[in-house]
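Enquirer: Have a look at this one before I ask anything.
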Amino acid sequence: PTANEIETDGWTDPNNAHADDGVYATAAPGKNAAIGTRWLTFGFDAAIPAGSTIDAVKIIYQYKVSTGASVATMRVRAVVDGVNEENHDDTTEPLADTTITVDITADRAWTRANLLDASFKATGEGRRGNSNTAVTFSLDFIKVEVTYTLSLETGEMIGGMMYGYHQPVIAPVAM
């Protein structure tokens, strides 16, 4: 992503989650509370050709928490045209950087239009449960990976023969 917006209070330094570089966005939610930010402008407008079929969509992020003695949950979800898709929670409370890949393909019937900058956002929330132990979430990066199939209607000449084909392609991973 190249931009972000506050969803619930907002992560501290959310721009730090734009790249995998060991520099963190942080969130320290209160008891039974959440802090969330939406990351946007993933650049799929130029990366996914018109007419492509979307085969898979994944949210990939790396985070850690300051303590395993809290009830900490890292939640991600897609937002398409302002509508929240399904929540995907990780409750492992990792104390070291841990990369989580969430396949959100089954959340909806994806189209290229759903992934354009004007439509698509990815939310990341640090959530603290009913624990008196404070926790700080450190998010190194959040990105989205899209696999799509090119739709070639005219085919291609190879060795004097015409072939029509579908070729799966992974869009450049937007961070």
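The values are calculated or read from the model by the stated rules, or taken from the named source; none is laboratory data. Owing to the predicted nature of the structure, the values given are computational and were not obtained by experimental measurement. Every residue, glycine among them, receives a Cβ derived from its backbone with ideal geometry; neighbour counts consider all protein chains shown. Surface areas here come from the heavy atoms of the whole protein model, side chains and all, with no ligands, DNA or RNA. Shrake-Rupley method; radii C 1.70, N 1.55, O 1.52, S 1.80 Å.
Enquirer: Filter region 18-38 for residues that are open to solvent by 50 Å² or more (accessible area, probe 1.4 Å) and farther than 14 Å from M74 by Cβ and give the result.
Expert: Within region 18-38, D20, D21, V23, K31, N32, R38 qualify.
Enquirer: Additional query: Could you list, in sequence order, all residues of region 72-91 that are without any contact (Cβ under 8 Å) to a residue 40 or more places away in the chain, in a strand (DSSP E or B) and surrounded by 15 or more Cβ atoms within 10 Å (Cβ to Cβ)?
Expert: H88, D90 - these are the residues of region 72-91 that are without any contact (Cβ under 8 Å) to a residue 40 or more places away in the chain, in a strand (DSSP E or B) and surrounded by 15 or more Cβ atoms within 10 Å (Cβ to Cβ).
Enquirer: Here's another thing I want to ask about it. Could you list, in sequence order, all residues of region 107-126 that are in contact (Cβ under 8 Å) with a residue 60 or more places away in the chain, of a type in the set (S, T, N, Q) and closer than 17 Å to E7 by Cβ?
Expert: T123
Enquirer: Please work out if N15 is under 29 Å from Y148 (Cβ atoms), open to solvent by 40 Å² or more (accessible area, probe 1.4 Å), assigned to a strand (DSSP E or B) and not aliphatic (A, V, I, L, M).
Expert: Criteria not met by N15.
Enquirer: Within region 52-64, can one find any residue that is open to solvent by less than 20 Å² (accessible area, probe 1.4 Å), farther than 24 Å from T105 by Cβ and either of a type in the set (K, R) or in contact with a strand residue (DSSP E or B) (Cβ under 7 Å, 6 or more places away or on another chain) (or both)?
Expert: No: zero hits.
Enquirer: Cβ contacts < 6 Å: first residue part of a strand (DSSP E or B), restricted to region 34-51; second residue of a type in the set (S, T, N, Q) and crowded, with 18+ Cβ neighbours inside 10 Å, any location; separation 6+ or different chain. Result?
Expert: Note: pairs meeting the criteria are G36/T123; T37/N4; R38/T123; W39/N4.
Enquirer: I'd like the full set of residues that are open to solvent by less than 30 Å² (accessible area, probe 1.4 Å), part of a helix (DSSP H, G or I) and over 21 Å from Y63 (Cβ atoms), limited to region 92-121.
Expert: Scanning region 92-121 gives N114, L115.
Enquirer: Determine, yes or no, whether A69 is modelled with pLDDT under 95 and open to solvent by 20 Å² or more (accessible area, probe 1.4 Å).
Expert: yes
Enquirer: What's the number of the only condition in (1) modelled with pLDDT of 95 or more; (2) crowded, with 16+ Cβ neighbours inside 10 Å; (3) not small (G, A, S) that F42 fails to meet?
Expert: The one condition F42 does not meet is (1).
Enquirer: Given the criteria in contact (Cβ under 8 Å) with a residue 24 or more places away in the chain and under 16 Å from I35 (Cα atoms), does I104 qualify?
Expert: no
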